[in-house]
1. From the Cα gyration tensor of region 139-218, with a ≥ b ≥ c the square roots of its eigenvalues, which class applies: rounded if a/c is under 1.5, or else prolate if a/b is larger than b/c, or else oblate?
2. State whether region 28-72 is rounded, prolate or oblate according to the following rule on the C-alpha gyration tensor (a ≥ b ≥ c being the square roots of its eigenvalues): a/c under 1.5 gives rounded; otherwise a/b larger than b/c gives prolate, and the remaining case gives oblate.
3. Along the principal axes of its C-alpha atoms, what lengths does region 188-237 span, in descending order and rounded to whole Å?
4. Arranged from highest to lowest average of other beta-carbon atoms within 10 Å per residue, in what order do the peptides 38-46, 117-125 appear?
5. Mind checking which of Leu66, Gly129, Leu98 is farthest towards the positive end of region 46-142's charge dipole, using Cβ charges of +1 (Lys, Arg) and -1 (Asp, Glu) about the Cα centre?
6. Let a ≥ b ≥ c be the square roots of the eigenvalues of the Cα gyration tensor of region 46-142; is it rounded (a/c under 1.5), or, if not, prolate (a/b larger than b/c) or oblate?
7. Quick one: check the C-alpha center-to-center distance for region 194-234 versus region 172-188, whole angstrom.
8. Under 23 Å Cα-Cα from Lys210, which lysines qualify once same-chain neighbours fewer than 8 residues away are excluded?
Amino acid sequence: MYTSQDLADYLFSTTGGGAQDQEHRLLRQAIFHGYREVVTARDSWRWYVSEDKFDLGGQNSVVAYLLPWGVQSVDSLTLPITNVSITYVTPTDWARLLNSQWRNLTRIVWTVLPSTSSPDRYEVRVFNGFATDSFVTLTYRRRPRDLRFTGWEKQARAGTVEWTGSVVQGTGTSFSPQMLNCIIRVSSDPTKHPESLAGMNGYSDEALIKKVDDQDTIHVWSPQGQLSYAPGTKFVVTDYLDISPTMYTACLSACEMWLARLTGKNLEGTMGIYGRDLRMAFEQDVVAPISGQRQSSPHGWYSFWYLRAGADQGVPGGGGGGGGGTVDPPPPPANDTLDGGTAAGTGAGTVDGGNAQRA
């Protein structure tokens, strides 16, 4: 796992020191700014695409869902119902809608507004005009939390630990809730603080801090499984870099650029290198298990299609006696009435607006 300690050790190597407090301040600022520079350089980093679900409740009312901290952008909402759509409206149109006399004729619409309960977060608000009893799938792009520990702070390396399984018991330590989801590292030489793998005393094991009981006890998860280290083992706590492997080199270059900026040095060279590394990260930001290859169904390839309205649900080849070819949507019933009812409709001769083929 990449951590801010790795960035700090890299800058120590490039600067040839960093022993003085003033140098530490510069390196810390360069790391924090460089990390932020990369993670916000592009809104569409694949690494930050996330998903949530929430219920509409089945009532003709407004449903509010508090987005997680750091959401940068929200994609379209989707429903698991083929004949019901959900439409985005601007905050201005949303305000007009809620105060309109035609509100009860509205289908299902949504928007994003600042939260009324959390000042630094946003809410997705949905007006469930159909009173649909379903859930909504929401995809969004998040922003990682800001960095706090590089591994060189006094709190991040004070005392020693005994590591047994998933429990790390400290002596003279200063564990805190701010260390939740940070990385703890230990070395095979218990008398020395662990460094990055590029150091002379690289760490031998690392784990993610999942729970902080108090200043002396934490619970961890390690990809190596259950670990054991004797009492008196030195350690460091450092922030996890929430980036993909292809973004790491760009992070290193961004830190170098910010260090040159903070020290008043010429920026042209470092900015050129950072721009090159960032472009390469953009090009490599692709996840494709089968790159451009088409396989037949026995090998796992599957053909997707949208179900069209019809007696046999538009299955190619005919499913309910429809024969081959496509199935045309049925015409609207005569003497249509508009009631704005539920997604399932209220009976014959009623148009509920849930079918994309109808006006």
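1. Judged from the Cα gyration tensor, region 139-218 comes out oblate (a/c at least 1.5, b/c at or above a/b).
2. Prolate shape, in that a/c is at least 1.5 and a/b is the bigger ratio.
3. Here the spans come out as 32, 22, 17 Å, largest first.
4. The packing order, highest mean first, is 38-46, 117-125.
5. Leu98
6. Oblate, because a/c is 1.5 or more while a/b does not exceed b/c.
7. Between the Cα centres of region 194-234 and region 172-188 lies a distance of 7 Å.
8. Once the sequence-local lysines are set aside, what remains near Lys210 is Lys154, Lys234.
Taken together, the values in this text are just the output of simple stated rules run on the coordinates, not laboratory data. What you see is a predicted model; the values in this text were computed from it and never measured. All Cβ positions, even for glycine, are placed from backbone atoms using ideal geometry, and neighbour counts span all protein chains on display.
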